[in-house]
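Read through the structure below, which is laid out as structure tokens, and then see the notes.
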Amino acid sequence: MDGSQLDLFPGNKVAFSGDHGRTSTTPLRRIAVNRAERIKLRNKVMVARLYYWREIMRRRLDDVIIILAENEFFVDERTINNAWMEYADFFEHLCSTHATPRQLSKMFPCWKW
């Protein structure tokens, strides 16, 4: 494989060779092993995205729900509302600490904040 692609190596390592020839090897870790855990992680990210669109980007709630439902997570609006209720404490924590996009990207590095 060429240096710009991810190469999986034995020992649960991922190696990535960047544009300037630097190679980074990172151990892989499994966070969610079953469906229920994956749904909980999805819901937490969904609430963080709700915070991002609503509090940082200053969008109206009805627009945010549409963005999340139709463009980002492809779920029903009811699913978003249920996740918001489940992680209300997390949402309130983000609001009270005025979490920045940089802090959100540390929590969820795969998303563009």
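A compact table of results
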| item | result |
| --- | --- |
| Count - residues of the range 81-111 that are within 10 Å of V47 (Cα to Cα) and small (G, A, S) | 2 |
| Filter result (in contact with a helix residue (DSSP H, G or I) (Cβ under 6 Å, 6 or more places away or on another chain) and not in a helix (DSSP H, G or I)) within the range 76-101 | Y87 |
| Residue check for N71: open to solvent by 100 Å² or more (accessible area, probe 1.4 Å) and polar (S, T, N, Q) | yes |
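The values are calculated or read from the model by the stated rules, or taken from the named source; none is laboratory data. Everything numeric in this text was worked out from a predicted model, so none of it was measured. Counting neighbours? That spans all protein chains shown, and the Cβs are built from the backbone with ideal geometry, glycine included. Ligands, DNA and RNA are stripped out before the accessible areas are found, and what is left, the full protein with its side chains, is counted by its heavy atoms. Shrake-Rupley method; radii C 1.70, N 1.55, O 1.52, S 1.80 Å.
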